[in-house]
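Asks: Let me give you the structure first, and then I'll get to my questions.
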Amino acid sequence: MVSPAGRYLGILDISNNGFPGLISKWLGNMQILWSLDMSNNFFESQIPCEMHAYILIDLSHNWLSRLSPSCADLSIIPHLFLQGNRLTGLVPKVTFSVSFHVVTLDIRDNLFSGRIPYEVGELSNLRILLLSGNNFSGTVPKQLYWLKNLEIMDLSKNYLSGTIPHCFCDITFGKLDAIDDFDEQNAAADFGIVFVMKYRSYFYKGGILDIMSGLDLSFNKLTGEIPLKLGQLSPILALNLSYNQLTGFVPTTFSNLTQLESLDLSHNNLCGEIPSILIGLHFLEVFNVACNNLSRKVPDMKGQFGTFQNSSYKGNAFLCGPPLEKSCTRVDSSPPLPRKSLTTRRRLVTPTKPFAITSACFLTLAQSSFPFTFLPLSEYLASLTTLSNANG
């Protein structure tokens, strides 16, 4: 039993102890419990619906496998951390009810499946949404643009498909003033989050967390072009769209992301040239467009672009210029051919191997990479007749 004094315990931290078994339901008897941290143990089975805390519950890194669809009390906890468990199935919609309470929702690295519930857009005060490392499928809910106060969103390492919603530009990513009581809650709960930026996992806490902003959609199956309106996310610090199937060009509007420190577009099917206007991104520390179909000259090695190595551009056969070894000057070292054989050089060229390339990229790629001369059919037939008479 919990003593009368114990019922008014403010903070309970039993993390990192290796406790096994079930979570006791007596925790529901706590009348005033601000913060409950039971992370990094071996608690298993179902999360009790009786659990409640006024500011934070952290059950990360246990062996919990069930989240009851009827646990409405969990939806009124401002900061809920369930990362690294064995939770399966659909995310209960009740998790997204009573929308004005939830500020941080971390359910990363579980086994949740199905679509991301559109009700997530009703969490009007949500600032941190971490859903990576699950089995979510379907399209990215357009309702996410309702999250006007969102600062960090991580949907990476799922099976999301379709296009990137154009309406993402309506998300502030730190542009608005902080929620009035967020800083007070943050200090009282003394929590932080891990977010991957610049190829590293950083732990953000306190005032640093307040100014952090990022969007991670990497390691999914997203298709289509990158929306130009993503260039309106001017306060964002980290943008990761790598390891998808995105096509089209690198948006010139990214030059408006003046606070950007990390931009990863690698391992897609992007084409065309890298906009030279991106040189104006003075805070950019990481830039990666490797393994795409990009062509022509890379931006001049000025500003931050003077710090990027070959690895930022590798896997793009038609890129040239420093820091790459391939020169952009085409030099034809072959000897001049006799005038008689000029018509032979004008024969139609048939590729020996089929290849696929998007129509938006073909013109740019053809102009920069294929020095063939194509003739009208009538001129081609005439050249064959001339050649036949000459050889006869």
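The values are calculated or read from the model by the stated rules, or taken from the named source; none is laboratory data. Owing to the predicted nature of the structure, the values given are computational and were not obtained by experimental measurement. All Cβ positions, glycine included, derive from the backbone under ideal geometry; neighbour counts span all protein chains shown.
Asks: Please indicate, with yes or no, whether at least one residue in segment 117-140 is part of a strand (DSSP E or B), surrounded by fewer than 15 Cβ atoms within 10 Å (Cβ to Cβ), at pLDDT 95 or above and of a type in the set (Val, Ile, Thr).
Replies: yes
Asks: Looking at Gly162, is it in contact (Cβ under 8 Å) with a residue 40 or more places away in the chain and touching a Lys or Arg at 6+ places or on another chain (Cβ under 9 Å)?
Replies: Considered against the rule, which asks whether it is in contact (Cβ under 8 Å) with a residue 40 or more places away in the chain and touching a Lys or Arg at 6+ places or on another chain (Cβ under 9 Å), Gly162 comes out as yes.
Asks: Restricting the search to segment 308-324, which residues are under 12 Å from Glu285 (Cα atoms), touching a Phe, Trp or Tyr at 6+ places or on another chain (Cβ under 9 Å) and surrounded by fewer than 19 Cβ atoms within 10 Å (Cβ to Cβ)?
Replies: Scanning segment 308-324 gives no hits.
Asks: Can I ask one more? Just the residues that are polar (S, T, N, Q) and touching a residue at least 24 places away in the same chain (Cβ under 8 Å), please, taken from segment 48-87.
Replies: Ser60, Asn62, Ser68, Ser70, Ser75, Gln83, Asn85
Asks: For segment 96-104, does any single residue satisfy the condition of being touching a Gly at 6+ places or on another chain (Cβ under 8 Å) and assigned by TED's automatic domain parsing to the domain that holds Thr163?
Replies: Within segment 96-104, not a single residue is touching a Gly at 6+ places or on another chain (Cβ under 8 Å) and assigned by TED's automatic domain parsing to the domain that holds Thr163.
Asks: If you check Ser262, Ser234, Ser218, Ser266, which single one turns out to be more than 26 Å from Arg296 (Cα to Cα) and touching a residue at least 12 places away in the same chain (Cβ under 8 Å)?
Replies: Ser234
Asks: Continuing with this model, one more query. Determine whether Leu239 is touching a Leu at 6+ places or on another chain (Cβ under 6 Å), surrounded by 16 or more Cβ atoms within 10 Å (Cβ to Cβ) and without any contact (Cβ under 8 Å) to a residue 60 or more places away in the chain.
Replies: Yes.
Asks: Let me ask you something else. Name the residue that is surrounded by the most Cβ atoms within 10 Å (Cβ to Cβ), counting only residues in segment 187-231 that are of a type in the set (D, E, K, R) and modelled with pLDDT of 90 or more.
Replies: Here the residue is Asp216.
Asks: Among the numbered criteria (1) among the small types (Gly, Ala, Ser); (2) surrounded by fewer than 21 Cβ atoms within 10 Å (Cβ to Cβ); (3) farther than 22 Å from Tyr199 by Cα; (4) touching a Phe, Trp or Tyr at 6+ places or on another chain (Cβ under 9 Å), which one does Ala290 miss?
Replies: Unmet for Ala290, out of (1) among the small types (Gly, Ala, Ser); (2) surrounded by fewer than 21 Cβ atoms within 10 Å (Cβ to Cβ); (3) farther than 22 Å from Tyr199 by Cα; (4) touching a Phe, Trp or Tyr at 6+ places or on another chain (Cβ under 9 Å): (3).
Asks: Go over the candidates Ser295, Ser311 one by one and state the one that is among the hydroxyl-bearing types (Ser, Thr, Tyr) and under 18 Å from Thr247 (Cβ atoms).
Replies: Among Ser295, Ser311, only Ser295 is among the hydroxyl-bearing types (Ser, Thr, Tyr) and under 18 Å from Thr247 (Cβ atoms).
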